[in-house]
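*Asks:* Structure below; questions to follow.
The values are calculated or read from the model by the stated rules, or taken from the named source; none is laboratory data. Computed from a predicted model, the values in this text were never measured in an experiment. Virtual Cβ from ideal backbone geometry, glycine too; neighbours counted across all protein chains shown. Side chains are part of the model used for accessible areas, which takes the heavy atoms of the whole protein and leaves out ligands, DNA and RNA. Shrake-Rupley method; radii C 1.70, N 1.55, O 1.52, S 1.80 Å.
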Amino acid sequence: MKDHVFYASLKATYPVIDRGEGVYLWDTSGKRYLDGCSGALVANIGHGVKEVADAIDRQLRRVAFAHRSQFTSGPLISLAELIAEMAPPGMNWVNFVSGGSEATETAMKMAREYYIERGKPAKYQVVARWQSYHGNSIGALSMSGHIGRRRRYAPMLVDFPHAVPAYCYRCPFDKRPENCALECAADIERAIVSAGPENVAAVIIEPVVGSSLGAVPAPDGYLQAVRDTCTKYDVLLIADEVMTGFGRTGANFGVDHWKVVPDMIVCAKGASGGYAPLGAVVLTDEVHRAFREGSGKFAHGFTYGGNPVAAAAGVAVLEYLKNHDLVNASLERGRYLMAGLKRLQESCSMVGDVRGMGLMTGIEFVSDRRTKEPFPVKSGVTDMVKSVAFSKGLILYPAPGCADGVRGDTVMVAPPLVIKDSEIDELLAIIEETLREIEARVPGLEKRT
Ligand code: PLP
């Protein structure tokens, strides 16, 4: 068959996907894969859920599209209600888009407009952190601090301030939990003060850093401290929950683990579990009030924002999540998975760190566990782990660049929240087999501790 698709990798050969059910996918050759990362931490409720297909089908047959400037729809109103119910207290308003980058881009513009509404038009900058990822469109990439992904586009990016990441395994201040005073949180304040608080509209943070660090949770006290700093300087706190939202970490949203209420939550992925392109910005009554009592407008949006079919998919997915108690399942199965990953860490010399929350976990690989020295970039360890596991029928999500934006090898293990313990055993066995094979390939590695 002739193939005219311009793929991300021009050298790769991609198997053709055929179908999915639960935590498994099959390609057209009949090979089965355990989806160990829910695609890209998307398929939270698993594959092939009939109730979602039926809901989409019903909506498609009624009406597929109506523009957001002309109509609202039943599914859209229901979805906003379901999301507001899941969100922290006082976060009752939802603006809809079609994905994560659109959502972070929207939050950035909403923060800017919020301060225009409040008569502070100088406030536009967004403080983000190095080794973060907020999306690939130019605004979202300007906030993202992943050097590897920014590099080629650097001349086109907006010059936003960046603070250090909260990354305890490689603490930028060389601290340990025993002697740490959350210097990483203080660095957010430093970034706001040096940019001039009168110029700063928002701080954006992933509560558990996803693809740029590989499932690194914020240390306790960090988000509370950043919340206080934002309040002190009249700056909005945006929680980027594109990966962490809707039960992935064992709570509705990542911020819930620390009982922090941000001003906006950005979400996508798990909102529709991959059944339709869907993203959203959830905002507080307070932010909403500024628009309502101000111009009465938020003049920003995309053609497919609020699409009724995507909304119907979102409603069916969130109802499934609720009816099957999958947020708790993520917490419980996450504990089981983490115990297995810790055993792997003990037995595999290339595993430097395992971390995560709920079913959002990561494994970082190092060439020397004592010094935490990363493998040379040219060894391509992340890719090697990903492709050996893939050949054995396990899909893992690569997160390279964790050490400094370029060096550092990590994969994320984040299966659908419907996974069973026996399937976690199968997943762990394939990871172990994969790492043994790679350790045997890298000379000297098996002797190190
Ligand atoms: N924000 C975070 C934390 C993400 O992990 C991602 C994607 O992985 C995005 C934003 C961008 O989302 P999308 O790829 O749907 O545009």
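*Asks:* Please compute the modelled spin-label separation between Arg335 and Asp404, points set 7 Å along Cα→Cβ, answer in nm with one decimal.
*Replies:* Reported label-point gap for Asp404 and Arg335 is 4.0 nm.
*Asks:* I would also like to ask the following. For Val97, list long-range residues whose amide hydrogen, built 1.01 Å from N in the peptide plane, is under 5 Å from its own amide hydrogen.
*Replies:* The answer is Gly279, Ala280, Val281, Gly306.
*Asks:* Related question: With r defined as the distance between the Cβ atoms of Asp159 and Asp425 and R0 fixed at 41 Å, what FRET efficiency is calculated, to the nearest 0.05?
*Replies:* 0.25
*Asks:* May I ask you to list the lysines whose Cα is less than 24 Å away from that of Lys372, ignoring any residue fewer than eight positions away on the same chain?
*Replies:* Lys175, Lys342, Lys386, Lys447
*Asks:* Considering only protein heavy atoms and a probe of 1.4 Å, how much of the accessible area of region 301-378 is carbon and sulfur, as a whole percent?
*Replies:* C and S atoms contribute 49 percent here.
*Asks:* Would you mind getting the accessible area per residue of region 324-383, heavy atoms of the protein chains only, 1.4 Å probe, in Å²?
*Replies:* Result: 43 Å² of accessible area for each residue.
*Asks:* Still on this structure, I have one more. Which of the peptides 263-269, 191-197 is most tightly packed, and how do the rest follow, going by the mean number of other Cβ atoms within 10 Å of each residue?
*Replies:* Put in order of decreasing packing, that is 263-269, 191-197.
*Asks:* Express in nm, to one decimal, how much length is gained between Met1 and Arg152 on full extension, taking 0.36 nm for each residue of separation and deducting their alpha carbon distance.
*Replies:* Difference between extended and current length: 51.0 nm.
*Asks:* Can you give the extra length, in nm with one decimal, that the chain gains between Ala122 and Ala12 once fully stretched, where that is 0.36 nm per residue apart less the Cα-Cα distance?
*Replies:* The Ala122-Ala12 span can extend by a further 34.9 nm.
*Asks:* At 7 Å along the Cα-to-beta-carbon direction for both Ser78 and Ser379, put a label point, then send me their distance in nm to one decimal.
*Replies:* Inter-label distance under the simple model: 5.2 nm.
*Asks:* Mind scanning Lys322/Lys392; Lys109/Lys322; Lys109/Lys269 and naming the pairs with a C-alpha gap bigger than 27 Å?
*Replies:* Lys322/Lys392; Lys109/Lys322
*Asks:* On full extension of the chain, what length is gained from Thr28 through Val193, given 0.36 nm per residue of separation minus the C-alpha to C-alpha distance?
*Replies:* Full extension of this stretch gives 53.8 nm more.
*Asks:* Report, ordered by chain and residue number, the aspartates and glutamates lying within cross-link reach of Lys420, taken as a straight Cα distance under 14 Å and ignoring same-chain residues fewer than 8 apart.
*Replies:* Glu21, Asp35, Asp325, Glu332
*Asks:* In region 170-295, what percent of the accessible surface is made up of carbon and sulfur (1.4 Å probe, ligands and nucleic acids excluded)?
*Replies:* Roughly 52 percent, rounded to a whole number.
*Asks:* Whenever you get a sec, compute what percent of the accessible area on region 1-134 sits on carbon and sulfur atoms (1.4 Å probe).
*Replies:* 57
*Asks:* Hey, another quick one. At 1.4 Å probe size, with every protein chain present, just tell me what the per residue accessible area of region 64-112 comes to in Å².
*Replies:* Here the per-residue accessible area is 45 Å².
*Asks:* If you plug each phi of region 269-277 into the Karplus form 6.51 cos²θ - 1.76 cosθ + 1.60 with θ = phi - 60°, what whole-Hz ³J(HN,Hα) values come out, in order, with x for Gly and Pro?
*Replies:* Computed from phi, the couplings for region 269-277 are 4, x, 4, 10, x, x, 6, 6, x Hz.
*Asks:* Could I have the simple spin-label model distance between Val63 and Arg343, label points 7 Å from Cα toward Cβ, reported in nm to one decimal?
*Replies:* 5.5
*Asks:* Name the chymotrypsin sites (Phe, Trp or Tyr not before Pro) in region 55-116 that are in a loop by DSSP and that have at most 14 other C-beta atoms within 10 Å, would you?
*Replies:* Passing both the DSSP loop test and the Cβ count: Phe65, Phe71.
*Asks:* Checking the cross-link filter: which lysines have an alpha carbon closer than 17 Å to that of Lys2, excluding same-chain neighbours under 8 positions apart?
*Replies:* Lys11
*Asks:* Right, here's the next one. Within region 144-170, name every residue whose backbone N is under 18 Å away from a label modeled 7 Å from Cα of Ala186 along the Cβ vector.
*Replies:* Once the point is set 7 Å along Cα→Cβ of Ala186, 163-168 turn out to lie under 18 Å by backbone N, inside region 144-170.
*Asks:* Could you pull out every residue, at least 5 positions away or on a different chain, whose amide H is within less than 5 Å of the one on Ser367? Hs are placed 1.01 Å off N in the peptide plane, and Pro or chain starts have none.
*Replies:* Glu373, Phe375
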